[in-house]
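Notes follow the structure.
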Amino acid sequence: ESAVSALKQAVLRGRIPEERIDRSVRRILNLKQWSGLDENRIADVEKISDIVEIPGHLELAKEIARRSITVLKNENILPLKINGEKKILAIIVSDADDYRTEIHRPGISSTSERAGDYFINRLRQSSVDPVTARLDPSANAMAIDSMVNLAMKAEVILLPIFSKGRSGSGRFGLPPAIDSAVTRILATNRPSVLVAMGSPYVLRSFPQAGAYVCSYSDAECATEAAAEVLCGISPARGRLPVTIPGLFPYGAGISLPVIALRRDKPESAGFSAARLNGLD
């Protein structure tokens, strides 16, 4: 009710034109009509498995994720050199002690995985095998000192940041202690890559980083796409859908080329998957 009231007042006071509201309503109604909701509003639960998470939809989700990954800054760090050519340190940064993602891979007993587990898994599948550490609100001074020491020995520091707004919490962004720890790690002046695995606004706190990447999500397809762009398996072609005040305008983005082949997609090397299957 508060949201509806605020929107109504914004229109009445002229902050938002009524025509803007009409455009949004028309778009929503058109989508409902396109999906057939004007004729049938009841979902057949027996058909859900034939529609949800079918291979075609999953592949489409992956392609959308690949096109969305946005590189905002790159001081000649990305794509990462693979096959163990550099000593890479990956510090999983999260705004909660037990941050869980919604990723649930076959063979994993938990219905949700710890932040960063799948991200590191995908890097290793692409022949990038980093030393790993975790930075969350439970990290004490000794643990943070250890991470700083590791950072001083690394040739590249990866900092995937898992942070998102939580409804009703009154809290947004990383806790001050985590901000301070990340700043200390970046102060080692090693080549560093910040990967925003949720809100892109967390990048505002760390202007000294050498590279910025936004995946906007910690979902499975977004995590895969972020790792692919970091390793040069997929091109970077996303553009920022918001403005990050003081850093980047709406529409910002740097393109990066492909420097390695995707093992799961022979077409990326000009091969025919169907003909290779025939050979198999």
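Values computed for the structure shown
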quantity	calculated
Test result for residue 78, in contact with a helix residue (DSSP H, G or I) (Cβ under 9 Å, 6 or more places away or on another chain), closer than 30 Å to residue 246 by Cβ and surrounded by 10 or more Cβ atoms within 10 Å (Cβ to Cβ)	yes
Qualifying positions in segment 1-31 - assigned to a helix (DSSP H, G or I), open to solvent by 100 Å² or more (accessible area, probe 1.4 Å) and of a type outside the set (A, V, I, L, M)	8, 18, 19, 20, 23, 26, 27
Checking residue 168 against (1) open to solvent by 20 Å² or more (accessible area, probe 1.4 Å); (2) closer than 19 Å to residue 76 by Cα; (3) at pLDDT below 95, the condition it does not meet	(2)
Residue within segment 84-95 that is out of contact with any strand residue (DSSP E or B) (no Cβ under 6 Å at 6 or more places or on another chain), open to solvent by 80 Å² or more (accessible area, probe 1.4 Å) and either of a type in the set (Asp, Glu) or modelled with pLDDT under 90 (or both) present	yes
Residue within segment 221-241 that is at pLDDT 90 or above, outside any loop (DSSP other than H, G, I, E, B) and more than 14 Å from residue 122 (Cβ to Cβ) present	yes
The one condition in (1) open to solvent by less than 50 Å² (accessible area, probe 1.4 Å); (2) closer than 30 Å to residue 134 by Cβ; (3) free of Cβ contacts under 8 Å to residues at least 12 places away in the same chain; (4) not small (Gly, Ala, Ser) that residue 63 fails to fulfil	(2)
Segment 129-148 residues that are under 21 Å from residue 99 (Cα atoms) and open to solvent by less than 30 Å² (accessible area, probe 1.4 Å), paired with ones that are part of a loop (DSSP other than H, G, I, E, B) and among the small types (Gly, Ala, Ser) (beta carbon under 7 Å, 6 or more apart)	136/96
Residue in segment 204-227 that is at positive phi and under 14 Å from the mean Cα position of the chain (by Cα) present	yes
Selection from segment 196-217 of residues that are without any contact (Cβ under 8 Å) to a residue 60 or more places away in the chain, in contact with a helix residue (DSSP H, G or I) (Cβ under 8 Å, 6 or more places away or on another chain) and not in a loop (DSSP other than H, G, I, E, B)	196, 205
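Here is a yes/no grid of residues against (1) touching a Pro at 6+ places or on another chain (Cβ under 8 Å); (2) open to solvent by 70 Å² or more (accessible area, probe 1.4 Å):
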{"site": "190", "(1), (2)": "no, yes"}
{"site": "196", "(1), (2)": "no, no"}
{"site": "201", "(1), (2)": "no, yes"}
{"site": "204", "(1), (2)": "yes, yes"}
{"site": "212", "(1), (2)": "no, no"}
{"site": "230", "(1), (2)": "yes, no"}
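The values are calculated or read from the model by the stated rules, or taken from the named source; none is laboratory data. Since this is a predicted model, take the numbers as computed values, not measurements. Backbone-built Cβ (ideal geometry, glycine too); neighbour counts: all protein chains shown. The protein model used for the area step is the full one, side chains on, heavy atoms only, and it has no ligands, DNA or RNA in it. Shrake-Rupley method; radii C 1.70, N 1.55, O 1.52, S 1.80 Å.
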